[in-house]
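The structure appears right after this line, and notes come after that.
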Amino acid sequence: MLRMAQKQYIKDLYENEDLSLREISRRTGHSFETVRKYAQMEDWRPVGLPNLEAECYPVLEAYIPKIDAWMEADRKIPRKQRHTAKRIYERLAEEAGYTGSYSSVRRYIQKKRYVQSLADDGYLPLSQPAGRGQVDFGESLYYDGQGKERKGYALTVTFPQSNKGYTQFYPSQNQECLLEGLKRVFEHIGGVPPRLKFDNLSTAVVKVLADGERELTEGFTRFRLHYRFQADFCNPASGNEKGNVENKVGYTRRNAFVPVPTVISFEEFNEKLWEWCEQDAQRLHYKYKVPIEELWEADRESLLRLPEHPYPVFRYEAVSVNKCGFAVIDTNQYGLAPALAGRTVQAKIFFDHVEFYHDHRLVGQYRRSYSRNEEFCDWTQYVGALLRKPGAVEHTRFFKQFPSSWQALLERSRGKERKNALQLLHEIIQAGNAELSEEALSLAAENGRTDPDSVRQCYYMIARKEFRPAPLKLRVSAP
């Protein structure tokens with residue numbers, strides 16, 4: 001069903017700009033029949049609501065509550081699995097003993113769907129409908145693992161009907177944080193709000209069109225379609241239109257973020273926020289004086305079902321690797337293998353980490369930085385290149401990332417011995433066992449040997465220990 005602004009736009013193109021019906025159809029994306037209906041419409045008087053009173057259906061009257069319940073439940077599930085009028089008629093006859101006509105059932109269902117569509121478009125005066133939510137970010141300070149003050153953003157989703165809210169904390173307001181936060185809220189509450197109201201976030205809205213519609217970002221559109229919720233947006237500079245979440249953002253900041261928290265892991269901190277949100281719902285509602293959790297049940301029952309498959313929140317970006325082997329994302333440099341210099345890699349960007357792929361193969365993975373102009377190296381990427389210049393080991397920027405025991409070994413070795421040690425370390429990394437490199441060196445040192453051949457034997461013993469046969473037990477001692 002088109003909104004009034006869309007109908008007006010079609011009429012204006014037809015009457016004032018003299019466009020053909022087919023050109024209007026192409027420009028607006030609406031079907032030719034829809035365009036013709038509104039372009040040539042002369043009577044714009046409001047249509048009265050259909051009469052849904054039970055007395056209009058003398059035989060069907062006793063069955064209307066059951067039909068309403070089925071149709072309301074249908075709104076929570078994908079369209080392909082909803083009742084048709086025929087299926088409702090069959091169920092009434094089979095399960096409830098209905099003896100009336102199919103035409104009565106069909107007429108009632110048509111009118112009921114009409115009223116549901118009006119309610120969805122906001123033309124009926126519904127006060128805080130159950131299940132509908134509001135979304136907003138709020139800025140809060142936190143300390144990182146080094147005690148440094150940082151700025152973070154609390155994504156809050158509230159349900160005005162019950163005044164229950166859920167908050168998750170992220171280092172940014174970017175699209176990955178927004179969608180990851182919404183996804184986590186949906187999974188935590190076990191369903192999806194049928195409608196959510198937002199500000200005109202740049203991560204969701206590309207621009208506000210002349211007719212009041214919004215051009216949405218591709219990532220937000222895909223996410224919305226996957227979870228099947230409707231998105232409403234405030235008028236520009238009108239955050240008061242979602243006052244419930246505005247108040248909840250401030251309430252959460254004053255209570256959950258005082259004193260200023262230390263956040264070492266956003267994952268762990270967000271788990272604690274779930275506990276705080278559930279505990280907060282035990283307080284009395286400011287108006288109805290009953291626990292918020294009791295009112296929340298009506299919201300919960302109105303949620304849409306979660307999709308079968310969760311939505312993976314990330315975006316792809318093609319990135320060129322510079323001559324030093326770094327790929328740059330948001331001004332930060334991430335070190336990849338020097339052999340990739342001059343190549344283009346695909347960056348798979350999540351809210352908390354970045355993965356780099358070349359020829360469909362993972363070639364690097366880093367924690368995502370929200371600072372600026374930082375440089376990140378992974379020492380394992382460079383060991384192969386050091387085989388060509390083993391004398392430069394101590395002078396590289398990433399040498400201090402090597403395991404401490406290997407730093408000591410390489411510093412005291414020279415020439416062929418150093419190259420052999422680097423060759424062994426490269427083999428261990430190529431086999432995907434970088435985490436065993438320090439253990440192998442420690443085992444060799446325990447036996448008084450740190451030469452590459454001895455370390456290699458120790459590495460083989462550790463990496464393949466599950467295949468080592470048990471020692472033979474001889475029954476007769478050798479003379």
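The values are calculated or read from the model by the stated rules, or taken from the named source; none is laboratory data. In this text the structure is predicted, and so the values were computed from the model without any measurement. Heads up, the Cβs are rebuilt from the backbone with ideal geometry, glycines too, and the neighbour counts pull from every protein chain shown. Areas reflect the complete protein model, heavy atoms only, side chains present, ligands, DNA and RNA absent. Shrake-Rupley method; radii C 1.70, N 1.55, O 1.52, S 1.80 Å.
Run lengths n ≥ 4 of DSSP H only: what is the helix-derived mean residue ellipticity at 222 nm for the chain, with -39500 (n - 2.57) per run over all residues, to the nearest 500?
Working: 16 runs with 185 residues, N = 479.
For the chain, the value works out to -12000 deg cm²/dmol.
Straight-line reach only, C-alpha to C-alpha below 14 angstrom: list the aspartates and glutamates that Lys419 could link to, leaving out same-chain residues fewer than 8 apart.
Partners within reach: Glu394, Glu411, Glu427, Asp451, Asp453.
Taking amide H atoms as placed 1.01 Å from N in the peptide plane, list the residues 5 or more away in sequence, or in a different chain, whose amide H sits under 5 Å from that of Gln333.
Glu374, Glu375, Phe376
Would you mind telling me the share, in percent, of accessible area of the chain contributed by carbon and sulfur at probe 1.4 angstrom?
On the chain, the fraction of accessible area on carbon and sulfur atoms equals 49 percent.
Given Lys151/Lys348; Lys183/Lys287; Lys207/Lys287; Lys151/Lys242, which pairs have Cα atoms separated by over 26 Å? Write out the running numbers ahead of the final one.
Numbers: Lys151/Lys348 24 Å; Lys183/Lys287 30 Å; Lys207/Lys287 37 Å; Lys151/Lys242 24 Å.
The answer is Lys183/Lys287; Lys207/Lys287.
Report, to the nearest 10°, how far helix 292-301 tilts away from the longest principal axis of the Cα atoms in the chain, using its own Cα long axis and a range of 0 to 90°.
Result, in degrees: 80.
Can you give the longest stretch of the chain with no exposed loop site, where a site means trypsin sites (Lys or Arg not before Pro) in a DSSP loop (not H, G, I, E or B) with at most 12 other C-beta atoms within 10 Å?
Details: sites that count: Lys148, Arg283, Lys287, Lys289, Lys323, Arg372, Arg388, Arg397, Arg414, Arg464, Lys473, Arg475.
Here the longest segment lacking exposed loop sites spans 1-147.
Are there any chymotrypsin sites (Phe, Trp or Tyr not before Pro) in region 222-328 that are in a DSSP loop and have at most 13 other Cβ atoms within 10 Å? List them by number.
Those that pass, being in a loop and sparsely packed, are Tyr286, Tyr288.
Within the chain, what's the longest stretch lacking GluC sites (Glu not before Pro) that sit in DSSP loops with no more than 10 other Cβ atoms inside 10 Å? Don't skip to the answer; put the middle values down first.
Numbers: sites that count: Glu17, Glu42, Glu53, Glu308.
Segment 54-307 is the longest.
Ignoring ligands, DNA and RNA, what accessible area per residue does the chain give at 1.4 Å, in Å²?
Heavy-atom accessible area per residue stands at 57 Å².
For region 349-354, just list the computed ³J(HN,Hα) in residue order, Karplus coefficients 6.51, -1.76 and 1.60, θ = phi - 60°, integers in Hz, with x standing in for Gly and Pro.
Working through the residues one at a time gives 9, 9, 5, 10, 7, 10 Hz.
Could you sort out which of Lys66/Lys112; Lys66/Lys289; Lys86/Lys112 sit more than 20 Å apart by Cα distance in this structure?
Listed pairs above 20 Å: Lys66/Lys289.
From Cα pairs below 8 angstrom and at least 6 apart in sequence, can you work out the relative contact order of the chain, rounded to a whole percent? Display every interim value, and only then the final one.
On the way: 628 pairs, mean separation 46.4, N = 479.
Worked out over the chain, it gives 10 percent.
Straight distance only, please: which aspartates and glutamates reach the Cα of Lys37 with their own Cα at less than 14 Å, same-chain residues fewer than 8 apart left out?
List returned: Asp12, Glu15.
Within region 394-436, which residues have the backbone N less than 14 Å from the label spot 7 Å out from Ala339 along Cα→beta-carbon, could you tell me?
Taking a point 7 Å out along Cα→Cβ of Ala339, the residues of region 394-436 whose backbone N falls under 14 Å are 426-432.
Length gain on complete extension for the stretch Glu297 to Glu317, per 0.36 nm per residue less the alpha carbon to alpha carbon distance? Provide the component values of the computation, followed by the final result.
Numbers: separation 20, 0.36 × 20 = 7.20 nm, distance 4.18 nm.
Gain on extension, Glu297 to Glu317, equals 3.0 nm.
Could you give the distance between the Cα centres of region 368-383 and region 100-115, to the whole Å?
Measuring centre to centre over Cα atoms gives 63 Å.
What are the residues whose amide H is under 5 Å from the amide H of Tyr153, where those residues sit 5 or more places off or on another chain and H is modelled from the backbone?
Under 5 Å from the amide H of Tyr153: Ser140, Tyr170, Ser172.
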